[in-house]
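The values are calculated or read from the model by the stated rules, or taken from the named source; none is laboratory data. Quick caveat, the model's predicted, so the values are computed rather than measured. Cβ coordinates were reconstructed from backbone atoms using ideal geometry, including for glycine residues, and neighbour counts include every protein chain displayed.
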Amino acid sequence: MTPGARRVLSAASRLFYERGIHAVGVDLIASEAGVTKKTLYDRFGSKEQIVVEYLADRDERWRAFVTERLEQAGRGPVDRVLAVFDASQAWMTESSPKGCSMVNAHAEISDPSHPAHPIITGQKEWMLALFTDLVRESAPARAEESARTLMLLHEGAMVAHGLRIFPDPIGHARDRARDLLEGAATDGGRGAR
């Protein structure tokens, strides 16, 4: 990627997250990046492609961030699931004060034919698969059901974080996740709901 293209992507990423995808036009992106509209179109072809690159970059960084946190987590399955919530807390504090960029983008891009839609849903499918794999270690009989509950806790916490309705929603969700997992461990994974 050329320096100009990197500046475009950086400016677009900041603006899309802060103001919303539909509210930001290519004129503003080009101005903020210090490039001409011609340069922007030469590098990306369309605003739609900039949106794809923005979301793909955030998704790639998010997955790497979570993976790194999991590598540093304890070996126990409960510790590893809780590490995902800890990673989310750190990520949201550092780079996503307005909530999950994928959820925010989906509020504007719900059409499955949009080229960014698979990136948005792909990240959430990855999260569900991650929770399923992590839960399977301790409660294989209820892994899918427990993972869905963890996913709901996680995603709800991300949305609540962006809305700022009550303090520390991710910490609250983490505590409920621990309760769920400890309950599953004590009954052999049969009663986790």
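Quick notes on this structure:
- Here the range 4-46 is the region considered, the condition is being of a type in the set (Lys, Arg) and surrounded by 14 or more Cβ atoms within 10 Å (Cβ to Cβ), and the residue that is farthest from HIS117 (Cα to Cα) is ARG7.
- Candidate set from the range 1-43 (those that are assigned to a loop (DSSP other than H, G, I, E, B) and hydroxyl-bearing (Ser, Thr, Tyr)); member that is modelled with the highest pLDDT: THR36
Yes/no matrix, rows are residues, columns are (1) surrounded by fewer than 19 Cβ atoms within 10 Å (Cβ to Cβ); (2) over 25 Å from ARG6 (Cβ atoms):
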| residue | (1), (2) |
| --- | --- |
| GLU48 | yes, no |
| LEU55 | no, no |
| PHE65 | yes, no |
| ARG69 | yes, yes |
| ILE109 | no, no |
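- If you go through the range 148-187 and keep only what is more than 17 Å from CYS100 (Cα to Cα) and either β-branched (Val, Ile, Thr) or within 14 Å of the chain's Cα centre (by Cα) (or both), you end up with THR149, THR186.
- When residues of the range 111-138 are limited to those that are of a type outside the set (S, T, N, Q) and out of contact with any helix residue (DSSP H, G or I) (no Cβ under 9 Å at 6 or more places or on another chain), the one surrounded by the most Cβ atoms within 10 Å (Cβ to Cβ): PRO118
- Matching residues, the range 93-107, being touching a residue at least 40 places away in the same chain (Cβ under 8 Å) and surrounded by fewer than 21 Cβ atoms within 10 Å (Cβ to Cβ): SER96, PRO97, LYS98, GLY99, VAL103, ASN104
- The requirement of being assigned by TED's automatic domain parsing to the domain that holds GLY162, at negative phi, among the acidic types (Asp, Glu) and crowded, with 18+ Cβ neighbours inside 10 Å is not satisfied by GLU60.
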